[in-house]
Amino acid sequence: MNIYPVDSLILAPLSGYTDLPYRRIARAYGCRYAFTEMIDISSLAYAHERSFRMQERGEDETFLGIQLVGSDPEHLRRALEVVNRCRFDVVDFNLGCPVAKVARKCAGAALGRQVDRALALFQLLVKESVHPVTAKIRILDERDPRETLRLALGLEAAGARALTVHGRVMKMFYSGPVYAEIIAAVRESLAIQVVANGGVMGWQSYGQLRRDSGCRAVMLARGAMGNPWLFRELSDPQGYLPPTPEEVIGTMRSHVLAMIDYYGEAAAMRMARKIMIDYLRGRGFLGTARAAVSKLETRDELLQFCERAVHEHSAGYWQWLESSPTAERRLRKGSF
Ligand SMILES: Cc1cc2nc3c(=O)[nH]c(=O)nc-3n(C[C@H](O)[C@H](O)[C@H](O)COP(=O)(O)O)c2cc1C
């Protein structure tokens, strides 16, 4: 049986982002399927406090998957002793992360490229996990599907219950075209559910990825950063109205206040800067807002900033909306 119903929208695991406050905001706008950030099996195995926070599930959360990353079989075994005691809907294995500190340990995308080693570890994960197991991979070659298929078919044979495929190769990180035809080749070859991922920023790119990959379930990542409204836009495109500036700032404020409750004021304000910039980016807010955000240190300063921002930046926001009513949000660095 499929893990996700037809046409599901799934919030991707996003390191440094998809904590409990982040997921609660996304869920308020219609997100049902979500993941923790990737959690290093070594830190779980050795009970690092931060990893416990990362795997915390809210009482109110419906579907939640935990994502694990790593390459050491003994650490995986020990990590699963912890994970098996918790309530998750799936355990996902990361075979797609390209960042250096993960690649150095031969984990993530680097492990995905060593197909036999990746499959051996995945078999162990399936054997030891009490939860259903899935995997998230990148395509291995943008011109030829064969190597990606070898990995995908191997994961299916090892017991994967679903597979998410990010249609970019490791060296592309997160930018450039998404090779949906390789995702389509995987979908056509596997019996289990295949989830397409890559480049969905709005209705147009969502339609294109679904058409080109043939996948009905789609995973949202950067398009949902600072834009929980994406879940609404994609599930009800006819009825969708973009948020007003008051809603953007109001949701951003609720998000950061939830982080303050969760992490405490000082830590939350440090972590929240990038989150606030995501809300403001690509929406016509003035560049001065970005400078102001990077100086906020306390809850009171946050509240004052939000109060002022609605007055000072609404005009720019409306101008941006009017000048590009159908444009997808631009998420390039520094684009607001
Ligand atoms: C800041 C950031 C953090 C990410 N963290 C993770 C992660 O923890 N696990 C994972 O599998 N992918 C992670 N990804 C990759 C995304 O889940 C997704 O595969 C990728 O961004 C492509 O989708 P997009 O083009 O829609 O953004 C991360 C991406 C970004 C930008």
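The values are calculated or read from the model by the stated rules, or taken from the named source; none is laboratory data. Computed from a predicted structure; not experimentally measured. Quick reminder, even Gly has a Cβ in these numbers, built from the backbone with ideal geometry, and neighbours come from all protein chains shown. Accessible surface is based on the protein model in full, side chains and every heavy atom, while ligands, DNA and RNA are left aside. Shrake-Rupley method; radii C 1.70, N 1.55, O 1.52, S 1.80 Å.
General remarks:
- Surface exposure of the stretch 245-323, expressed per residue as accessible area with a 1.4 Å probe, stands at 47 Å².
- Each listed q (0.09, 0.13, 0.16, 0.22 Å⁻¹) maps to a log10 I(q)/I(0) for the stretch 16-159 from the Debye sum over equal C-alpha point scatterers, namely -0.27, -0.56, -0.84, -1.39.
- Euclidean distance between Cα centres, the stretch 292-306 to the stretch 201-243, Å: 31 Å
- About its Cα centre, the stretch 243-318 has a charge dipole of approximately 340 debye under the convention of +1 per Lys or Arg Cβ and -1 per Asp or Glu Cβ, with nothing else charged.
- Annotation: amide H of Thr18 within the under-5 Å range of Glu37, sequence separation 5 or more or interchain, hydrogens built in the peptide plane.
- Accessible surface of the stretch 167-223, 1.4 Å probe, proportion on carbon and sulfur as whole %: 52 percent
- Estimated at the nearest 10 Å², the accessible area of Trp203 is 120 Å² with a 1.4 Å probe.
- Between the C-alpha center of the stretch 118-175 and that of the stretch 11-33 there is a gap of 23 Å.
- Isotropically averaged projected area of the stretch 213-278, using the convex hull of Cα atoms (one quarter of hull area), nm²: 5.8 nm²
- Lys127 - accessible surface, heavy atoms, 1.4 Å probe, Å² rounded to 10: 150 Å²
- Under the Karplus curve 6.51 cos²θ - 1.76 cosθ + 1.60, θ = phi - 60°, whole-Hz ³J(HN,Hα) for the stretch 136-149, x wherever Gly or Pro sits: 10, 10, 9, 5, 9, 8, 7, 9, 9, x, 4, 5, 5, 5
- Under Stokes-Einstein, with the Kirkwood radius over Cα pairs as Rh, the value for the stretch 207-336 at 4 °C and 1.567 mPa s is 82 µm²/s.
- Adding -39500 (n - 2.57) for every DSSP H run of four residues or longer, then dividing by how many residues the chain holds, sets the calculated 222 nm ellipticity at -14500 deg cm²/dmol.
- Probing with 1.4 Å while keeping every protein chain in the model, the per residue accessible area of the stretch 9-235 equals 40 Å².
- Set of lysines with alpha-carbon distance to Lys295 below 26 Å, sequence-local pairs under 8 removed: Lys274, Lys333
- Per residue, the convex hull spanned by the alpha carbons of the stretch 78-142 comes to 95 Å³.
- Debye-formula intensities of the stretch 82-184, expressed as log10 I(q)/I(0) at q = 0.14, 0.18, 0.24 Å⁻¹, are -0.51, -0.82, -1.30 (one equal scatterer per alpha-carbon, no solvent).
- Distance histogram in 5 Å bins (all Cα pairs of the stretch 183-254, percent per bin): 3, 16, 23, 21, 15, 10, 6, 4, 2, 0
- Note on Lys127: lysines with a C-alpha under 24 Å away, same-chain residues under 8 apart excluded, are Lys105, Lys136.
- Coil-residue chymotrypsin sites (Phe, Trp or Tyr not before Pro) of the stretch 5-64, DSSP, other Cβ within 10 Å capped at 15: Tyr46
- Beta bridges by DSSP in the chain, antiparallel share as percent, to the nearest 5: 0 percent
- All aspartates and glutamates inside 17 Å of Lys171 as judged from Cα atoms, apart from same-chain residues fewer than 8 positions distant: Asp141, Glu142, Asp144, Glu147
- For the stretch 143-284, with +1 on Lys and Arg beta carbons and -1 on Asp and Glu, the positive-most of Gly202, Tyr262, Ala152 along the dipole: Ala152
- Percent carbon-and-sulfur accessible area, the stretch 245-323, ignoring ligands, DNA and RNA, probe 1.4 Å: 52 percent
- Going by accessible surface with a 1.4 Å probe and the largest first, Ser294, Ser205 read Ser294, Ser205.
- Ala162 long-range amide H proximity, modeled H, under 5 Å: Ala135
- Entry for the stretch 67-106 at q = 0.25, 0.29 Å⁻¹: log10 I(q)/I(0) = -0.91, -1.05, Debye formula applied to identical alpha-carbon scatterers, no solvent contribution.
- Dipole check for the stretch 109-242: with +1 at the C-beta of Lys and Arg, -1 at the C-beta of Asp and Glu, and the Cα centre as origin, the magnitude is about 180 Debye.
- Hull volume in cubic angstrom per residue (convex hull over the Cα atoms of the chain): 128 Å³
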